[in-house]
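The values are calculated or read from the model by the stated rules, or taken from the named source; none is laboratory data. Since this is a predicted model, take the numbers as computed values, not measurements. Every residue, glycine among them, receives a Cβ derived from its backbone with ideal geometry; neighbour counts consider all protein chains shown. Remember, those area values only see protein heavy atoms, side chains included, never the ligands or the DNA or RNA. Shrake-Rupley method; radii C 1.70, N 1.55, O 1.52, S 1.80 Å.
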Amino acid sequence: MLVDESNVGSSVRTVGRGLDWIKLRDFLAGPNTGRELIEMVVYAGLPPAMPIWQEERDKKNKFMQWLRSNGFMVVTKDGSPAEEGRYKANVDVMMAIDALELSVEMQPDVVILVTGDTDFAYLAIKLRRRGIRVEVASVSQNLGNILRSAANEVIDLAPLFRTFEMIQEPAPARALPPRQNQQQGRPQPQRPPNQQRPQQQRRPRRAFPRRQSVTDR
C-alpha cells in the first residue's frame with residue numbers, strides 16, 4: 001500500500017473526521033481481508049526547515065515518529081514556502097518511482113494506491129502492464145474518471161471515514177457580561193424614569209475683603 005498522506009488527510013477532514021491510521025490499514029489489508037500485507041508506505045511533506053515553521057515541523061515529525069513506531073514505513077520530503085503563508089511539498093514523483101521499484105523487487109500481487117490524485121493514473125497503468133492488480137482507495141464521489149478507469153478496482157473509503165471520531169472544534173467565545181461598576185463590582189442602579197437626580201447644592205463662596213487700591217489708602 002502506498003499512501004499520499006496529504007491527499008487522504010484532506011479527504012477525511014472534509015467530512016469532519018480525524019484519520020484513524022490503524023483502522024485504515026486493517027480495512028484495506030488486515031487479517032480479516034485474507035491478504036498478507038508486505039508494506040504500507042506513507043508519503044508526507046514536512047513544513048520548511050525555517051524558524052517560522054519550526055513549531056509545525058516539530059509537530060509533524062512527532063506524528064511521523066508515531067507512524068513508524070506503529071509499523072508504517074514513512075517517506076518524507078521537506079517543503080518550500082508558497083504564497084499566503086503556506087508551503088508545498090509534492091511527493092507524487094517519489095511515490096511513483098518507489099511504486100515501480102517495489103513492484104519489481106517485491107513482486108506483489110496487488111498494489112493499493114491510497115489517493116484520489118489523478119496524476120497517479122499513468123502509474124496505475126504501468127503497474128498493470130507488469131501483471132499487478134491495482135486498487136485505488138479514496139472517496140468515490142471525489143475520484144476523477146481518469147484514475148478510476150486506470151485502476152482494476154476502486155475502494156470507496158467514505159463508509160470507513162464515517163466510523164472515525166469527529167474532530168473536536170473549539171468552543172465559541174462566550175459573550176462578555178454588561179459593563180459593571182469597576183468600583184463596586186456590580187451594575188449601576190437604575191433610577192425610575194420620572195425620578196430626577198437631585199441637584200447638588202453649591203457651597204457658598206467665601207467672602208474675601210475688598211482689595212484696597214492705592215488711592216484708598
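Of the numbered conditions (1) farther than 16 Å from Val75 by Cα; (2) touching an Asp or Glu at 6+ places or on another chain (Cβ under 8 Å), Leu24 satisfies every one except a single condition; which is it?
(2)
Pick from the stretch 49-65 the residues that are within 17 Å of the chain's Cα centre (by Cα) and open to solvent by 90 Å² or more (accessible area, probe 1.4 Å): which of them is nearest to Asp109 (Cα to Cα)? Before you say what the answer is, go through the steps one by one.
Just the residues of the stretch 49-65 that are within 17 Å of the chain's Cα centre (by Cα), to begin with: 53-64.
So of that shortlist, the ones also open to solvent by 90 Å² or more (accessible area, probe 1.4 Å) come out as 55, 59, 62.
Working: Glu55: 41, Lys59: 36, Lys62: 33 Å.
Going through the qualifying residues, I end up with Lys62.
Looking only at the stretch 79-98, how many residues end up being more than 17 Å from the chain's Cα centre (by Cα), open to solvent by less than 30 Å² (accessible area, probe 1.4 Å) and either on the phi > 0 side of the Ramachandran plot or not aliphatic (A, V, I, L, M) (or both)?
1
What are the residues in the stretch 6-48 that are among the β-branched types (Val, Ile, Thr), more than 23 Å from Ala82 (Cα to Cα) and either open to solvent by 70 Å² or more (accessible area, probe 1.4 Å) or touching a residue at least 40 places away in the same chain (Cβ under 8 Å) (or both), if any?
Val12, Val15, Ile22, Ile38, Val41
Does Trp66 satisfy being among the aromatic types (Phe, Trp, Tyr), assigned to a helix (DSSP H, G or I) and free of Cβ contacts under 8 Å to residues at least 24 places away in the same chain?
Yes; evaluated as a whole, the condition is true for this residue.
Against the definition (within 20 Å of Leu143 (Cα to Cα) and hydrophobic (A, V, I, L, M, F, W, C)), how does Val74 come out, yes or no? Steps first, answer last, please.
Details: within 20 Å of Leu143 (Cα to Cα): no; hydrophobic (A, V, I, L, M, F, W, C): yes.
In short, no.
Which pairs have Cβ atoms under 6 Å, sit 6 or more apart or on different chains, and link a residue in the stretch 145-169 that is open to solvent by less than 80 Å² (accessible area, probe 1.4 Å) to one that is among the basic types (Lys, Arg)?
Partner pairs satisfying both residue conditions: Asn152/Arg133; Val154/Arg148; Phe161/Arg17; Phe164/Arg17.
Yes/no matrix, rows are residues, columns are (1) out of contact with any strand residue (DSSP E or B) (no Cβ under 9 Å at 6 or more places or on another chain); (2) open to solvent by less than 60 Å² (accessible area, probe 1.4 Å); (3) among the hydrophobic types (A, V, I, L, M, F, W, C); (4) part of a helix (DSSP H, G or I):
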{"residue": "Glu101", "(1), (2), (3), (4)": "yes, no, no, yes"}
{"residue": "Val104", "(1), (2), (3), (4)": "yes, no, yes, yes"}
{"residue": "Leu113", "(1), (2), (3), (4)": "no, yes, yes, no"}
{"residue": "Asp119", "(1), (2), (3), (4)": "yes, no, no, yes"}
{"residue": "Leu123", "(1), (2), (3), (4)": "no, yes, yes, yes"}
{"residue": "Gly131", "(1), (2), (3), (4)": "yes, no, no, no"}
{"residue": "Glu135", "(1), (2), (3), (4)": "no, yes, no, no"}
